[in-house]
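One structure is given below, encoded as structure tokens.
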């Protein structure tokens, strides 16, 4: 189960990373809230259909007394997620994408600190892995000045909300129906994005039509599939491990931009990818050694 959970989180990171390309293409003619509203609305429809298809196992769980609804937990997760994405989107108007990626992924450090305050025991390999991953992300993402701007402060606030989201999901992932939790949180993000788009942006039907594939990929794959994989994967992974694995979205984003958009990767960026991979491997040493010791 531990390996399966990590694989789900890594797959979610892959989808989020490749979604960066979709977002760049999709926002050529759409504002950030308009694009978010469209993708989250499509993601919500996908998850609502998945919830309907999954009614059989849910009825079985009801009869067995193991069903616990995820609607209330989804409301909390959705509010946190909407604030995190909104601060991040607005911040990108004032700062670079590289600095946004780096500051956002400070949750690699914030999550184990928050988990420790909540009573979780954080092993030394998790701290070492977090430091390696953060160093790797620096080389992967930062290009130029590290002077802090207004946008950087907004991204920092976003990182705090992403930390809260990971810890919130860790708290409820094992307790409630994951599809209901995911459906509700995406529904909250849809509603919030629609309201903000109507208040602050103007978009034409042609702009949505031109961005149809980016909306589809960002909606179904990222909002629908990846966030559900996060919820299910965090059932089996510690929050500090989950944060490091999910931060690999930066690696997948850089590689997909290189492959699809033709962006170049410098030797330092390659070094950053290797450091992040080393950080993820280090975090797995504890569970592997513990399993080997039990088997001996």
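The values are calculated or read from the model by the stated rules, or taken from the named source; none is laboratory data. The model shown is predicted, which means the values in this text are computed figures rather than measured ones. With ideal geometry, Cβ positions are generated from the backbone for all residues, glycine too; neighbour counts draw on all protein chains shown.
Of note:
- Checking 49, 29, 17 one by one, the residue that is outside any helix (DSSP H, G or I) and either within 24 Å of residue 208 (Cβ to Cβ) or in contact with a helix residue (DSSP H, G or I) (Cβ under 8 Å, 6 or more places away or on another chain) (or both) is 29 and no other.
- Flag if residue 5 is modelled with pLDDT under 90 and either part of a helix (DSSP H, G or I) or surrounded by 15 or more Cβ atoms within 10 Å (Cβ to Cβ) (or both): yes
- Only one entry in 242, 237, 296 is at pLDDT below 75 and farther than 19 Å from residue 20 by Cβ, namely 296.
- Unique match (being surrounded by fewer than 18 Cβ atoms within 10 Å (Cβ to Cβ), under 20 Å from residue 246 (Cα atoms) and in contact (Cβ under 8 Å) with a residue 40 or more places away in the chain) among 11, 75: 11
- Test: residue in the range 55-77 that is at pLDDT 85 or above, under 30 Å from residue 139 (Cα atoms), assigned to a helix (DSSP H, G or I) and in contact with a helix residue (DSSP H, G or I) (Cβ under 9 Å, 6 or more places away or on another chain): no
- Residue ID - surrounded by the fewest Cβ atoms within 10 Å (Cβ to Cβ), chosen from residues in the range 99-128 that are assigned to a loop (DSSP other than H, G, I, E, B) and without any contact (Cβ under 8 Å) to a residue 60 or more places away in the chain: 119
- Condition met for residue 88 (surrounded by fewer than 23 Cβ atoms within 10 Å (Cβ to Cβ), within 20 Å of the chain's Cα centre (by Cα) and assigned to a helix (DSSP H, G or I)): yes
- Filter result for the condition that a residue is out of contact with any strand residue (DSSP E or B) (no Cβ under 7 Å at 6 or more places or on another chain), without any contact (Cβ under 8 Å) to a residue 40 or more places away in the chain and farther than 23 Å from residue 41 by Cα, over 251, 255, 270: 270
- Of note, residue 139 satisfies the criterion of being surrounded by fewer than 22 Cβ atoms within 10 Å (Cβ to Cβ) and either within 20 Å of residue 178 (Cβ to Cβ) or modelled with pLDDT under 85 (or both).
- Here residue 161 meets the list (1) at pLDDT below 95; (2) in contact with a helix residue (DSSP H, G or I) (Cβ under 8 Å, 6 or more places away or on another chain); (3) surrounded by fewer than 24 Cβ atoms within 10 Å (Cβ to Cβ); (4) assigned to a helix (DSSP H, G or I) almost entirely, failing just condition (1).
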